[in-house]
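> Okay, here's the structure, questions in a sec.
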Amino acid sequence: MAPEIIGHCNEDLEGNNHAGTVQQMSITVRHDSLDASFTDGEFICNMERCGVHGRPKEVTVVLTEPEEKEVEQEMQEMLPFHKDSLVVCDDQFARGTSTSSKFLKMQSGSFLEVHHELRAIPLRKSLRLAWKIWLGGKGDLWEVAVPVKRYDVFLSHTWRTRGVWKILSLAFQFGLPWLFLFWFLGVGLAIVLCMLDILPLPHIRMLGEIPCPTGPWVLSFSAIGSALGLLLSSLKDGKNEWCFIDKVSIHQTDPELKEEGIYGIGGALGCTKELRILWSAPYLSRLWCIFEIAAFRHANPTGKFRVAPLYVESTACAWLLYSYFIGFLFYGLSVYLRRRPTILETVIAVSPTTFLFHGLRWNNNSKTKLFSELKNFKLEQVHCSEDFDREYVLSAIASWYGSAEDFEEYVRGQLSLEIASSVRRTSIPASHCFLQATLSVAQALQPFVSLWKCGASSDFLLRYLIATVLAQCVLWLPVTFKLAFYLCDRFSVPVGGRLGNALQSLLIFLCWLATFAVGYVASILAYEHGMEASIGLALVALVVACLVFRSSFVGRSE
């Protein structure tokens, strides 16, 4: 039967004890404190003042069997009611009101219980709906999600950070293999089409004393292939990682379903295998983000915990775009000058790299601030837009960790070490260093096509491939980036004001330039001196690359 509303109490019931016989009912608390129990069909309500900021409260009582009119009379005698401003609740509290369910959940301490349907979306599919999820696109996403029993991944983030950075982070995390594949296909296709004279070579470039035809096709197809690979990676159907994303897994239009989803986040985290934090600077300042960490670690002490700083992928994207800008700039210079740029011209052309190093140092410094925030963490410094939400989260934390002070000690100690370890493992991975080399490989293969078209000997072409393409671009250049990224991390904290900060970035650029120049000059000397020198250089570069990236590959295998 449809529930019948008895009434709404606005009066102060402090110190009163009331009893009446009812069948089933739901209580909405809007007094300083409510202690309600249901035994043998009796409802006992004890109101006590507990000093919760002195806010006015209300009590709403609902019957589920309206034919019991005598019960209504008893309840009207029990409490002074007004017949307006009423809310209806379902039976057994399965669908509470916007006030009752969250209050009862907090009072009962059932923060990790699941009273609602868990809904998830495949992580790759979320990339196809990225504009709706992360960029404020309109549309009901609830129907996109499907019911699940557990989550593989819970994405924790703050809406204080722009969605475009989250899209970039997820796209690079899942799309790099496809990016490399389509880059390889694009470069290979450009070379074949140039060899078959399907693509014209309209420009002339002097390679030594020989004028050779050239064109921008390898470089252009490299850029197009990389972009396509990143865009198409979300279309791949593979192993589904069922993911919790708040905008999808929580209903956004139905108020009751939305409340169930929000205050059921603790239960969702208890059913999650991995908590993945899309970390940005405001993350630790948001109380709900802290709640998600606290709930996951309490429910899953040994669960997988991963911090993915958003600046890692945004840095990789910025570097890649800048590298292609430099690549096309070098192509234009070589066509205009009709020769290879000199070392001085090369230095001038790549000098803006200093600003990229400066930006990377700034990003790494935000990671340093993260560690500092963890070491000095205080709940009173964390923000929440709703007073009740703050009370709810703090109550949950106190029930799990004993007290707010105990939780703060946990954050400063064990959690700080765990987050620091996760962040260090994800700081500019080896794949990003090799990603930056894709442009240089494409840039070096265009002269290879020109030499081939000019009739260069197979011995010379092979030496060029080994010394320049393999040794310098594939093996040595990622080492130079690894060194630069390490220095940007090691010296991220500014020293000596603005001038000292700028000098730090300039010195890092000069260190990178010196290592780049060593590989550049060595590759030219090697392929000009013969096959033995080219192979020797490639072996040296291989050994150095293995030593530099060994820890990255070992850590990944573990």
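> According to a simple spin-label model (label point 7 Å from Cα along Cα-to-Cβ), what is the distance in nm between Ser385 and Glu405?
Going from the Glu405 label point to the Ser385 one covers 3.4 nm.
> Which part of the stretch 490-521 falls in the paramagnetic zone of Val544, meaning amide N under 17 Å from the point 7 Å along Cα-to-beta-carbon?
509-521
> Still on this model: Return the Rg/Rh ratio of the stretch 403-558 with Cα-based radii and a Kirkwood Rh. The partial results should precede the final answer.
Working: Rg = 21.0 Å, Rh = 18.2 Å.
Taking Rh as the inverse mean 1/r over Cα pairs, Rg/Rh reads 1.15.
> Next up: Please report, for the Cα atoms of the stretch 98-235, the Rg to one decimal and the Dmax as a whole number; what are they, in angstrom?
Considering the stretch 98-235 through its Cα atoms, Rg and Dmax are 24.6, 85 Å.
> Rounded to the nearest 0.05, what FRET efficiency is calculated for Ala318 and Leu193 with R0 set to 41 Å and r the Cβ-Cβ distance?
Details: r = 30 Å, r/R0 = 0.74.
Efficiency for this residue pair is about 0.85.
> Follow-up. Fully extended, how many nm does the chain gain between Leu231 and Gln414 (0.36 nm per residue separation, minus their Cα-Cα distance)?
Values: separation 183, 0.36 × 183 = 65.88 nm, distance 3.87 nm.
In short, 62.0 nm is gained.
> Would you mind getting me the FRET efficiency between Ala398 and Val335? Use the beta-carbon distance for r and R0 = 56 Å, nearest 0.05.
Here the calculated transfer efficiency is 0.20.
> Val518 versus Lys453, label points 7 Å from Cα toward the beta carbon: distance in nm?
Between Val518 and Lys453, the label points sit 3.6 nm apart.
> Over 20 Å between Cα atoms, which of Lys149/Lys304; Lys258/Lys304; Lys304/Lys378; Lys166/Lys375; Lys125/Lys166; Lys125/Lys247 qualify? Before the final figure, lay out the partial values.
On the way: Lys149/Lys304 18 Å; Lys258/Lys304 27 Å; Lys304/Lys378 25 Å; Lys166/Lys375 26 Å; Lys125/Lys166 14 Å; Lys125/Lys247 14 Å.
As for pairs spanning more than 20 Å Cα to Cα, those are Lys258/Lys304; Lys304/Lys378; Lys166/Lys375.
> A further question follows. Please list 369-375, 428-434, 183-189 highest first by mean number of surrounding beta-carbon atoms within 10 Å per residue. Let's see the in-between values first.
Details: 369-375: 15.0, 428-434: 20.9, 183-189: 18.7.
Top of the packing list down: 428-434, 183-189, 369-375.
> Here's another thing I want to ask about it. Work out, in µm²/s and without decimals, the Stokes-Einstein translational diffusion coefficient of the stretch 258-417 at 4 °C, 1.567 mPa s, Rh from Kirkwood over C-alpha pairs. Please report the intermediate quantities before stating the final value.
Values: Rh = 19.0 Å.
Estimated diffusion coefficient is 68 µm²/s.
Laboratory data are not the source of any read-out in this text; all were calculated from the coordinates shown. Note that this is a predicted model, so its numbers are computed, not measured. In this analysis, Cβ positions are derived from the backbone assuming ideal geometry, glycine residues included, and neighbour counts consider all displayed protein chains.
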